[in-house]
1. Only residues that are touching a residue at least 60 places away in the same chain (Cβ under 8 Å) and surrounded by fewer than 17 Cβ atoms within 10 Å (Cβ to Cβ): list them for region 206-228, please.
2. Mind checking whether some residue in region 182-201 is surrounded by fewer than 22 Cβ atoms within 10 Å (Cβ to Cβ), farther than 23 Å from Val68 by Cα and of a type in the set (Gly, Ala, Ser)?
3. As an exercise: evaluate Glu52 against (1) more than 20 Å from Ala268 (Cβ to Cβ); (2) charged (D, E, K, R); (3) at pLDDT below 85 and give the number of the one condition it does not meet.
4. From the list Ser234, Ser254, pick out the single residue that is part of a strand (DSSP E or B) and polar (S, T, N, Q).
5. What about Asp113, is it acidic (Asp, Glu) and either closer than 19 Å to Gly273 by Cα or in contact with a Cys (Cβ under 6 Å, 6 or more places away or on another chain) (or both)?
6. Among the residues of region 85-121, which ones are in contact with a Ser or Thr (Cβ under 6 Å, 6 or more places away or on another chain) and within 16 Å of Leu191 (Cβ to Cβ)?
7. Among the numbered criteria (1) over 20 Å from Glu249 (Cα atoms); (2) not in a strand (DSSP E or B), which one does His115 miss?
8. Given (1) within 28 Å of Ile77 (Cβ to Cβ); (2) of a type outside the set (Phe, Trp, Tyr); (3) out of contact with any helix residue (DSSP H, G or I) (no Cβ under 7 Å at 6 or more places or on another chain), identify the lone condition not met by Leu240.
Amino acid sequence: MKRPSLVICCALLGLAPAACGDAVDPDPGVDRSDSTMVDLDHLTISVTGHAELFPEAARLLQSQGQAVPSLEGLPLIIEEPLRVGVSDANSVLGQGDIGSEGAFSVPDVPVRDIHLSLAASFAQEGFVRSSTVVFDTVFTRTRPRTDIIGARVWALPTSFHDALTRAVGESLIRAHTDDRARSLREAGFILGRVVDASGAPVAGAQVVLDRGDLAHRIYYPAPDFQSATQDGTSATGLFLYVHSGAEAETFGLSIQGSRDYPARNAGAAAGMGLVLTLYPGSYLP
């Protein structure tokens, strides 16, 4: 039986029925005469890819003469961020370990009840609790039905989180959270990057939300992470969303004035961060 909070979120966000439960015929209009039937009611997939430090985090550490930490041997969790945000006991869908050079493979991930997105997360000492979206229902209007391969998952060292917190400023974070939080981690946040079709960061982009009451929570860190503005992305293409430190919220993200960038599902919850890449088209560069 589905939890009411999850059903309500699906209804509010206008997801297709398949994204919220019952099986449908996958990929209409595609010739599947030689394909193997799958059991959509008990569908499991594998999630494989590479995990590494967020690029700007690695560059910041190197510029400060600090060693870049290895991820080898650390556990990786596959989960649905929405379920995490509402403290659903069934939010964890699978887990595995990161191998040499960041490779990982998590088999038998049940995806029948995926609502908004599938993500891979870290929760290790020295790193901020964060998730990277590896599947978004905004593109398919339904849950994943095939293995996810080539996923890229980003880890955020605590020192990088601290730099982002200083860039926004404690006073602004306290204001956005009614004095509930003094850091991005306590407040909950989204760290996003806007890239072009080749994967290069885009400067001057403005991120808009489908909820006007939350628009003032978007910030754009300076390349040196000494400050942040609300004007648009710098040469790094980065943006931050500062959550309220209270209950989880969901919304859509898009790029102002561009039809090439499809809207993306996103959400924020206190105590964790979500890493998201906004790119043109339907396939990650």
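1. Matches in region 206-228: Gln226, Ser227.
2. Yes, region 182-201 contains at least one residue that is surrounded by fewer than 22 Cβ atoms within 10 Å (Cβ to Cβ), farther than 23 Å from Val68 by Cα and of a type in the set (Gly, Ala, Ser).
3. (3)
4. Unique residue meeting the criteria: Ser254.
5. Here the answer is no, as Asp113 does not meet what is asked.
6. Ala119, Ala120, Ser121
7. All conditions are met except number (1).
8. Only one criterion is unmet by Leu240, namely (3).
The values are calculated or read from the model by the stated rules, or taken from the named source; none is laboratory data. Keep in mind it's a predicted model, so treat the numbers as computed, not measured. So basically every Cβ, Gly included, is an ideal-geometry build from the backbone, and we count neighbours across all protein chains shown.
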